[in-house]
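Visitor: Provided herewith is a single structure, encoded as structure tokens, for subsequent inquiry.
Just so it is clear, none of the values below were taken in a lab; they were calculated from the coordinates. Computed from a predicted structure; not experimentally measured. Don't worry about glycine lacking a Cβ; one is built from the backbone with ideal geometry, like all the others, and counts go over all protein chains shown.
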Amino acid sequence: MNIIDFSLKLNGFPIKEAQNKLCEIQNISEQHYETYITKAKKDIVSFHLKNNPFYKSICKKEFSTWNELPVLTKSDLQAPLKERISNGYALKDVYVNKTSGSTGNPFYFAKDKFSHALTWSIIQNRFNWHDLYGKKQARFYGIPSETIPRLKERTKDFLSNRYRFNVFDLSDASFEKWIQKFKYTKFVYLNGYTTVLVAFANYLNAKNIVLKDLCPSLKACVVTSEMCFEEDKTAMNTAFGIPVVNEYGASELDLIAFQNTKNQWIINTESLFIEIVDDNNTPLPFGALGRIIVTSLYNKAHPFIRYELGDLGILKKIDSKTIILEKLDGRREDIIHLPSGKTAPGLSFYYVTKSVMKDTGAVKEIKVIQTSLNTFEIHYASDSELSEKQMDDVKNALYEYLEPDLEVIFHKFDQLKRSKSGKLKQFTSLILQ
């Protein structure tokens, strides 16, 4: 058994049962697949209407068709997790995590252990399309600054056979250290934020360095969390000398889409039901651009039914089992430029918000605007003002993640302004505009 699977099993996640279930789903014939999806949708809705008072309170009116079910957003879920969890599930017995996501809407979520194990089974399946699962990973993600959460991430890195690079420093000196690490470590693939990997690729291209020449064991680069445009992919292909694989997911849900060896972005139809809807929440036909709505078919601990991610996309149907994400208009962060000359990804603020928020639902939305090299405005939507301690906690986190002596200004709003697409960008830099 793979060490990752073994560690999941030790923590009570039924990984073998989940792997068997995934195999069972994938063996359903194309002819019967729509029947499977229809039944899975009906079963999960029936379960939550019967066992989840929170979801039942949202479904205030009777419905006879799927399209009459409400579309959920993160703002609908701004309540303590204990009020949203299904009857029969205790917080100590489920997988619990928190996310602010790229849209800046912070909240806690839960997944029952089978659902989380199924997520990992799908990740294993997709990464094995490229022979990557369990192989040595160069990881380009952030990491919490607090001692215990940081130790947990380091432990997971060790168990998952990966080395985590410091993505909060994108300076030339830092890139040179990264290059040295690749010279002496047999990494099989890179995995991380698009903006970080593009910044590294641009540095390598400027130096006429191909990473695979330094590290021949490299096979692929998996990018996630932000949009990856063609010019980004070209820069990475050139700099790394390996294929670039696009991943699209949401921690509260699952792996949503993953690129196969034919460069097709394959939708996860095994554990999710994906819809594209218009502004009136009416489903759109394949080929039309609209809002991405996702239903988790197996999470019984917490309802994610017709849940809106805040992204726009286009789907293409190949057959009843195979759907392609043809276009994604979604999350791409700016780069933070600091007085010292240091740069960092805009997603740094994801870790700032995670490090200071509590499970109260008090702060509904957050976005950060950089107005000068040393000045950041934090806009937040809340029913009440942040306390002095809360503001100090945010400032201290910023100083720790980025650098000291930054000016931080807080502005409270009842509701934050969104872009024309309906998205709330977590970080915006005005200094280069």
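Visitor: Which is farthest toward the positive dipole end of the chain among 99, 218, 208, measuring Cα position about the Cα centre, with Cβ charges +1 (Lys, Arg) and -1 (Asp, Glu)?
Guide: Positive-most Cα among the choices belongs to 218.
Visitor: Which order do the peptides 36-44, 281-289 come out in when sorted by mean C-beta neighbours inside 10 angstrom, highest first?
Guide: Values: 36-44: 15.6, 281-289: 12.9.
Taking the mean over residues of other Cβ atoms within 10 Å, the ranking is 36-44, 281-289.
Visitor: Now for a different question. Sort 74-81, 399-406, 60-67 by packing, meaning the average of other beta carbons within 10 Å per residue, with the highest value first.
Guide: Values: 74-81: 17.6, 399-406: 14.8, 60-67: 9.0.
The most tightly packed comes first, giving 74-81, 399-406, 60-67.
Visitor: Using only Cα atoms, locate the centre of the stretch 113-145 and the centre of the stretch 58-92, then give the distance between them in Å, rounded to an integer.
Guide: First find each Cα centre; the distance between them is then 28 Å.
Visitor: Order by neighbour count: 68, 308, 252, 230, fewest other Cβ atoms within 10 Å first, most last. If you can, show how the numbers build up before the last one.
Guide: Values: 68 11, 308 20, 252 23, 230 7.
In increasing order of surrounding Cβ atoms, one gets 230, 68, 308, 252.
Visitor: Determine the calculated [θ] at 222 nm for the chain from helices alone, applying -39500 (n - 2.57) to every DSSP H run no shorter than 4 residues and normalising by the residue count; nearest 500 deg cm²/dmol.
Guide: On the way: 13 runs with 144 residues, N = 433.
The helix contribution divided over the chain gives -10000 deg cm²/dmol.
Visitor: Under a Cβ-only charge scheme (Lys and Arg +1, Asp and Glu -1), can you give me the dipole magnitude of the chain about the Cα centre, in debye to the nearest 20?
Guide: On the way: 58 positive and 51 negative charges, 216 e Å.
The calculation lands at about 1040 debye.
Visitor: OK, next. Which of 373, 211, 190 comes first, and how do the rest follow, when ranked by fewest Cβ neighbours within 10 Å? Mind showing how you got there, number by number?
Guide: On the way: 373 14, 211 24, 190 28.
With the sparsest Cβ surroundings first, the list reads 373, 211, 190.
Visitor: Moving on to the next point. Sort 49, 398 so that the residue with the fewest other Cβ atoms within 10 Å of its own Cβ comes first and the one with the most comes last. Before the final figure, lay out the partial values.
Guide: On the way: 49 16, 398 21.
Fewest to most other Cβ atoms nearby, the residues stand as 49, 398.
Visitor: Compute the signed sum of charges (Lys and Arg +1, Asp and Glu -1) over the other residues within less than 15 Å, Cβ to Cβ, of residue 237.
Guide: -1
Visitor: Suppose every K and R has +1 on its Cβ and every D and E has -1 on its Cβ; what is the size of the dipole of the stretch 23-102 about the Cα centre, in Debye to the nearest 20? List each step's numbers first, then the result.
Guide: On the way: 12 positive and 9 negative charges, 89 e Å.
The calculated dipole for the stretch 23-102 is roughly 420 debye.
Visitor: Moving to a separate point now. What order do you get for 242-251, 147-156 when each peptide is scored by the mean count of other beta carbon atoms within 10 Å, highest first? Before the final figure, lay out the partial values.
Guide: Numbers: 242-251: 20.4, 147-156: 11.8.
Ranked from most to least packed, the peptides come out as 242-251, 147-156.
Visitor: When only DSSP loop residues count, what chymotrypsin sites (Phe, Trp or Tyr not before Pro) in the stretch 181-239 have their Cβ near at most 13 other Cβ atoms within 10 Å?
Guide: Values: sites: 182, 184, 187, 189, 193, 200, 203, 229; in loops: 187, 229.
Those satisfying the criteria are 229.
Visitor: Over the stretch 161-201, with a single point scatterer placed on each C-alpha, what log10 of the ratio I(q)/I(0) does the Debye formula yield at q = 0.15, 0.16, 0.20, 0.27 1/Å?
Guide: Each listed q maps to, in turn, -0.34, -0.39, -0.62, -1.14.
Visitor: Given a cut-off of 30 Å, name the pairs among 212/395; 111/367; 327/367; 156/219; 39/417 whose C-alpha atoms lie farther apart than that in the structure shown.
Guide: Values: 212/395 40 Å; 111/367 27 Å; 327/367 25 Å; 156/219 22 Å; 39/417 39 Å.
Check vs 30 Å cut-off fails for 212/395; 39/417.
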